[in-house]
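Since every read-out is calculated from the coordinates, none of them should be taken as a lab result. Keep in mind it's a predicted model, so treat the numbers as computed, not measured. Virtual Cβ from ideal backbone geometry, glycine too; neighbours counted across all protein chains shown.
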């Protein structure tokens, strides 16, 4: 079965570590419904909205980690110069 051009059954055969055959059958049944089709249509916008919301939080964390790494590198270089 194809959903939006993707062969779901083919994908499940190649990577069945997350979903059982029953899971895939249930997903196919769901995505064949009007609600499932709406989910397929809306999911890119939902994902984009989520990314837009999380990016400021991620940026703050990345900036903090970058600063900490720079401080460690500076300390290591200072220690190696003193030896």
- Task: Would you mind ranking 49, 81 so that the residue whose beta carbon has the fewest other beta carbons within 10 Å leads the list?
- Result: 81, 49
- Message: For a protection proxy built on the mean count of beta-carbon atoms within 10 angstrom, sort 22-35, 57-70 highest first, please.
- Response: 22-35, 57-70
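Using 0.36 nm per residue of separation minus the Cα-Cα distance, give me the extension gain between residue 35 and residue 60 in nm, one decimal. Don't jump to the answer; show the numbers that get you there.
Values: separation 25, 0.36 × 25 = 9.00 nm, distance 3.65 nm.
Fully extending the segment from residue 35 to residue 60 adds 5.4 nm.
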